[in-house]
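Q: Structure provided below as structure tokens; questions to follow.
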Amino acid sequence: MSVRGQMAGVLVGVLAVAGCGGDDAKTTAAAGEGQDPGAAVFVANGCGSCHTYAQAGSSGQVGPELDRFGADDADAVRAAILSPPPESHMPGDFAKRIEPADLDALVGFIAAD
């Protein structure tokens, strides 16, 4: 099975129990062997339950599609995660829940070329 296939399987399992967001505890994601650390953060925080992102095998329909972002969008991606627009459904507490190194990995995963 390909890495993408494995990641999609993990994503489906996590999304079934995680949903977008979670409790107030900080999330520290551990990447599996061969997995992008940002993908582990994406899965651990349930991002795919709201966002479509081909690289993660997710098809959420609530938030914006993430495939459109590239390396030039890293600052915008970080800002949207840390301070989402008030009208969005994005949880506003990711700055408290995601460790800085994990946030860097997540932004790198989403804003990849």
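Q: Being in a loop (DSSP other than H, G, I, E, B) and either farther than 19 Å from Ser49 by Cα or within 14 Å of the chain's Cα centre (by Cα) (or both) is the filter here; which residues of the range 62-82 pass it? Full working, then the answer.
A: First pass over the range 62-82, keeping only residues in a loop (DSSP other than H, G, I, E, B): 62-70.
Listed by number, the residues that qualify are Val62, Gly63, Pro64, Glu65, Leu66, Asp67, Phe69, Gly70.
Q: Since Gly19 meets every condition but one in (1) closer than 22 Å to Asp113 by Cβ; (2) modelled with pLDDT under 95, which condition does it not meet?
A: (1)
Q: On the given criteria, is Val43 exposed (fewer than 15 other Cβ atoms within 10 Å of the Cβ) and among the β-branched types (Val, Ile, Thr)? Even if it seems obvious, please write down each step before you answer.
A: Numbers: exposed (fewer than 15 other Cβ atoms within 10 Å of the Cβ): no; among the β-branched types (Val, Ile, Thr): yes.
No; evaluated as a whole, the condition is false for this residue.
Q: On to the next question. Which residue out of Gly108, Gly92 is in contact (Cβ under 8 Å) with a residue 60 or more places away in the chain and either out of contact with any Gly (no Cβ under 9 Å at 6 or more places or on another chain) or under 14 Å from Val41 (Cβ atoms) (or both)? Steps first, please.
A: On the way: Gly92 fails: in contact (Cβ under 8 Å) with a residue 60 or more places away in the chain.
The unique qualifying residue is Gly108.
Q: Which residues, taken from the range 83-104, are surrounded by 14 or more Cβ atoms within 10 Å (Cβ to Cβ) and under 18 Å from Thr52 (Cα atoms)?
A: Once the filter is applied, which keeps residues that are surrounded by 14 or more Cβ atoms within 10 Å (Cβ to Cβ) and under 18 Å from Thr52 (Cα atoms), the range 83-104 yields Pro84, Met90, Pro91.
Q: For the subset of the range 94-113 comprising residues that are modelled with pLDDT of 95 or more and assigned to a loop (DSSP other than H, G, I, E, B), which member is farthest from Ala71 (Cα to Cα)?
A: Only one residue tops the list, namely Glu99.
Q: Give all pairs with beta carbons closer than 7 Å in which a residue from the range 54-80 that is farther than 13 Å from Val107 by Cα meets a residue that is among the basic types (Lys, Arg) and surrounded by 12 or more Cβ atoms within 10 Å (Cβ to Cβ); count only pairs at least 6 apart in sequence or on separate chains.
A: So the pair list comes out as Gly57/Arg4.
The values are calculated or read from the model by the stated rules, or taken from the named source; none is laboratory data. On a predicted model such as this, the values are computed, not experimentally measured, just so you know. A quick note on method: Cβ atoms are made from the backbone with ideal geometry, for glycine too, and the neighbour counts reach across all protein chains shown.
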